[in-house]
Amino acid sequence: MNELSRRLIDEWQGGFPLCERPFAVIAERLDASEDAVLETLRELLADGTLTRFGPLYQIERLGGAFSLAALQAPEAEFERIARIVNDFPEVAHNYRRNHAFNMWFVLATETPAGMNDTVERIAAATGLPVFNFPKEREYFIEARFAVGAGRVESTVSLPQSSSPPTPFPPGERGVAVQALRPLILATQAGLPLTPQPYHALAAQLGSDAETVMAGLQALLDAGAIRRIGVVPNHYRIGYAANGMTVWDVADAKVDELGERVGALEFVTHCYRRPRHLPDWPYNLFAMAHGASRDEVAAKAERIAEILGDTCRARDILYSTRILKKTGLRLSG
């Protein structure tokens with residue numbers, strides 16, 4: 001990987017400019033040409049080093065819902081089951097993990113009510129029980145993967161806004177989302193790799209570039225877009241081990257301790273989720289990444305030190321394969 005590729009990944013996972021020629025701004029900061037930046041991004045996307053480039057939407061801020069779900073696919077049927085699950089547009093990500101619960105997927109639905117319906121439809125299509133783990137509390141979510149294993153940072157560079165998100169008021173959210181829906185649909189798969197991407201979007205939407213940029217800024221300000229930038233495939237840049245650490249923590253202490261776990265510099269996601277007894281006793285989930293499983297296990301020990309004797313059971317589920325990774329997809 002050349003220096004320009006490294007710097008694009010390290011420095012532009014957030015903060016993509018909202019201006020007439022954003023790639024020219026990036027090029028100036030990276031001491032490169034606009035054409036070189038565009039060509040490098042195309043190459044990184046084509047070879048899988050980047051999974052996507054564009055806005056990362058937060059569907060809950062748009063009135064929808066996210067959840068994590070899992071099932072136990074028989075080995076002989078695993079590929080067939082994976083195809084069925086991946087065919088659902090509500091499945092944003094899907095991973096194989098080394099556990100009896102061997103298929104884990106993130107669901108994104110346009111309404112909270114649609115989540116249970118989606119879970120039921122996947123169960124009917126696969127013929128398998130689907131275990132739903134909706135987020136009960138979020139302690140932390142944000143990550144930047146630096147090129148070269150061992151540097152996962154809990155913040156992104158060049159934030160889009162220095163102020164906290166100002167959500168659309170509940171009574172106005174539906175109106176705002178509907179007004180911006182064409183823009184969301186046009187950008188949910190990524191931004192055009194052209195010198196003037198907002199002009200290209202405007203031509204597609206029958207609008208103008210200023211309106212497109214204002215719409216994206218409104219979505220950023222409301223937290224409906226977490227950030228705009230590159231999304232690296234962490235396996236391709238040195239993070240061979242992706243461990244979902246799970247913990248059975250006393251209910252009276254899980255929120256207090258979950259906040260402390262989420263504050264660890266290597267934790268990229270940390271949530272409280274429901275147990276599914278007797279199959280699943282764990283209620284605290286924390287993601288950790290590293291160059292090896294030994295590195296992730298060492299990070300898990302740091303979590304264990306925080307939890308102490310309030311933790312009654314624990315496990316690490318390592319992902320062994322990406323089955324799907326597209327991000328949010330609203331229907332047209």
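Read-outs: derived from the displayed coordinates by stated rules, not from any lab. Every value quoted in this text rests on a predicted model; they were computed, and no experiment measured them. No Cβ is skipped: glycine too gets one built from the backbone with ideal geometry, and neighbour counts run over all protein chains shown.
Express in % the proportion of alpha carbon pairs of the range 1-149 at distances exceeding 27 Å.
Result for the distance tail: 42 percent.
Pick out, from 237, 16, 316, the residue whose Cα sits farthest towards the positive end of the charge dipole of the chain, with +1 on the Cβ of Lys and Arg and -1 on the Cβ of Asp and Glu.
The residue sitting most towards the positive pole is 316.
Using a ≥ b ≥ c from the Cα gyration tensor of the range 96-142 (square roots of the eigenvalues), is it rounded, prolate or oblate, where a/c under 1.5 gives rounded and otherwise the larger of a/b and b/c decides, a/b for prolate?
Oblate, because a/c is 1.5 or more while a/b does not exceed b/c.
What lysines sit close enough to residue 324 to cross-link, taking a C-alpha to C-alpha distance under 30 Å and skipping anything fewer than 8 places away on the same chain?
Cross-link targets: 135, 299.
Can you tell me the dipole magnitude for the chain around its Cα centre, using point charges on the Cβ only (Lys, Arg +1; Asp, Glu -1), in Debye to the nearest 20?
For this selection, approximately 520 debye.
How large is the Kirkwood hydrodynamic radius of the range 261-332, in angstrom, based on all distinct alpha carbon pairs?
14.3
With a ≥ b ≥ c the root eigenvalues of the C-alpha gyration tensor of the chain, is it rounded (a/c under 1.5), prolate (a/b larger than b/c) or oblate?
Prolate.
Looking at the range 219-302, which GluC sites (Glu not before Pro) are in a loop (DSSP not H, G, I, E or B) and have at most 16 other Cβ atoms within 10 Å?
265
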